[in-house]
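Asker: Have a look at this one before I ask anything.
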Amino acid sequence: MQASFGALSDVGLKRPHNEDSYVADADLGLYLVADGMGGHAAGEVASKAAADAIRDFVRETHHDRDKTWPFAMDPSLSWLGNRLRVAILVANRVVSQRIDGDDQLRGMATTLSAVLLDGDRAVISNVGDCRAYLIRKKLVTQVTTDHSWVAEQVRAGLLTPDAARSHPWRSMVTRALAGTSDLVVDILEMPLESGDLLLLCSDGLHGLVSDDEIGELVASHTRNLDQACRALVDSANARGGPDNITAILIRCP
Ligand code: CA
């Protein structure tokens, strides 16, 4: 049985463009949120190019195990984990090619979080400060590690999570798909239980709405995941909506 999902992306209240992109494809088992950065419309280009490239690679490898991959497999990961990891490396290369082909796009980049599902197995990845959360029996757990300056300060015990949320450098990421060849991709493999929810979101949500509030909002809309995403977006906008906001909720059958 396929997972069910809800998804919503919103420009917010302050930004002229929505530079977030997302993919929610139950047939492929692929869900991702990408948060683009760059001047003019470059952020939109980066997040869309990365999202499309990941979906294309996951689609091409959905049935075809003989396809030649452009990057080596990591023997410590499963087939599913390798598919997501290489898809992200391919996306990073696409970002590089787009930058090389257009001076206006120099400096563009995107962060992302992604889930690839196969039955009750999930592989999860993030680059930068897009997050994935597991919501199991109403308990909300962030399963990705933010690659951001404030998160590193929190891990070092130099900032509290509350102080990080209002810190002027809170948007500074330490990892992104910027087309450089040194990209490191973290892959987490985990079994899911029936009824588990996964939430993917950009920092326009988690920067304004706490994990506890996210849990409460989702718990009060569990029957309709689109409405749950709407409630999350509305909550960020009620706090000023300074950034683009994207949320995808996936329920394991
Ligand atoms: Ca953002």
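The values are calculated or read from the model by the stated rules, or taken from the named source; none is laboratory data. Nothing here was measured: the structure is a model prediction, and the numbers come from that model. With ideal geometry, Cβ positions are generated from the backbone for all residues, glycine too; neighbour counts draw on all protein chains shown.
Asker: Restricting attention to region 72-127, and to residues there that are surrounded by fewer than 17 Cβ atoms within 10 Å (Cβ to Cβ) and among the polar types (S, T, N, Q), which single residue is nearest to Pro253 (Cα to Cα)?
Answerer: Checked region 72-127; the qualifying residue nearest to Pro253 (Cα to Cα) is Ser78.
Asker: Right, Cys229: within 16 Å of the chain's Cα centre (by Cα) and either surrounded by fewer than 24 Cβ atoms within 10 Å (Cβ to Cβ) or under 23 Å from Arg165 (Cα atoms) (or both) or not?
Answerer: Answer is yes for this residue.
Asker: Here is a follow-up. Sort out which residues of region 229-253 are under 19 Å from Ala114 (Cα atoms), more than 14 Å from the ligand (Cβ to nearest atom) and not in a loop (DSSP other than H, G, I, E, B), and write them in order of number.
Answerer: Once the filter is applied, which keeps residues that are under 19 Å from Ala114 (Cα atoms), more than 14 Å from the ligand (Cβ to nearest atom) and not in a loop (DSSP other than H, G, I, E, B), region 229-253 yields Cys229, Leu232, Ile248, Leu249, Ile250, Arg251.
Asker: A further question follows. Name the residues in region 101-128 that are free of Cβ contacts under 8 Å to residues at least 12 places away in the same chain and within 30 Å of Gly195 (Cβ to Cβ), would you?
Answerer: Matches in region 101-128: Gly119 only.
Asker: Against the conditions (1) touching a helix residue (DSSP H, G or I) at 6+ places or on another chain (Cβ under 6 Å); (2) at pLDDT 95 or above; (3) under 24 Å from Asn92 (Cα atoms), where does Arg170 fall short? Just the number, please.
Answerer: Status for Arg170: all satisfied but (2).
Asker: List the strands (runs of 3 or more DSSP E) that sit entirely inside region 1-94 and contain at least 2 residues that are closer than 24 Å to Ser181 by Cβ, within 16 Å of the ligand (Cβ to nearest atom) and not hydroxyl-bearing (Ser, Thr, Tyr).
Answerer: Of the strands (runs of 3 or more DSSP E) lying wholly inside region 1-94, those with at least 2 residues that are closer than 24 Å to Ser181 by Cβ, within 16 Å of the ligand (Cβ to nearest atom) and not hydroxyl-bearing (Ser, Thr, Tyr) span 30-37.
Asker: Quick one: Arg223 ticks every box in (1) among the charged types (D, E, K, R); (2) outside any helix (DSSP H, G or I); (3) touching a strand residue (DSSP E or B) at 6+ places or on another chain (Cβ under 9 Å) bar one, so which box is it?
Answerer: Of the numbered conditions (1) among the charged types (D, E, K, R); (2) outside any helix (DSSP H, G or I); (3) touching a strand residue (DSSP E or B) at 6+ places or on another chain (Cβ under 9 Å), the odd one out for Arg223 is (3).
Asker: Of everything in region 182-198 that's in a strand (DSSP E or B) and out of contact with any helix residue (DSSP H, G or I) (no Cβ under 7 Å at 6 or more places or on another chain), which residue is farthest from the ligand (Cβ to nearest atom)?
Answerer: Among them, the one singled out is Pro191.
Asker: Of all residues in region 199-241, how many are over 21 Å from Leu28 (Cβ atoms) and touching a Leu at 6+ places or on another chain (Cβ under 7 Å)?
Answerer: Residues flagged as over 21 Å from Leu28 (Cβ atoms) and touching a Leu at 6+ places or on another chain (Cβ under 7 Å) within region 199-241 amount to 16.
Asker: Whether any residue in region 205-220 is within 16 Å of the ligand (Cβ to nearest atom), without any contact (Cβ under 8 Å) to a residue 40 or more places away in the chain, among the polar types (S, T, N, Q) and out of contact with any Phe, Trp or Tyr (no Cβ under 9 Å at 6 or more places or on another chain) is what I want to check.
Answerer: No; the residues of region 205-220 include none that is within 16 Å of the ligand (Cβ to nearest atom), without any contact (Cβ under 8 Å) to a residue 40 or more places away in the chain, among the polar types (S, T, N, Q) and out of contact with any Phe, Trp or Tyr (no Cβ under 9 Å at 6 or more places or on another chain).
Asker: Could you count how many residues in region 44-76 are in contact with an Asp or Glu (Cβ under 7 Å, 6 or more places away or on another chain) and either closer than 15 Å to Ala91 by Cβ or modelled with pLDDT of 95 or more (or both)?
Answerer: Number satisfying all stated conditions: 3.
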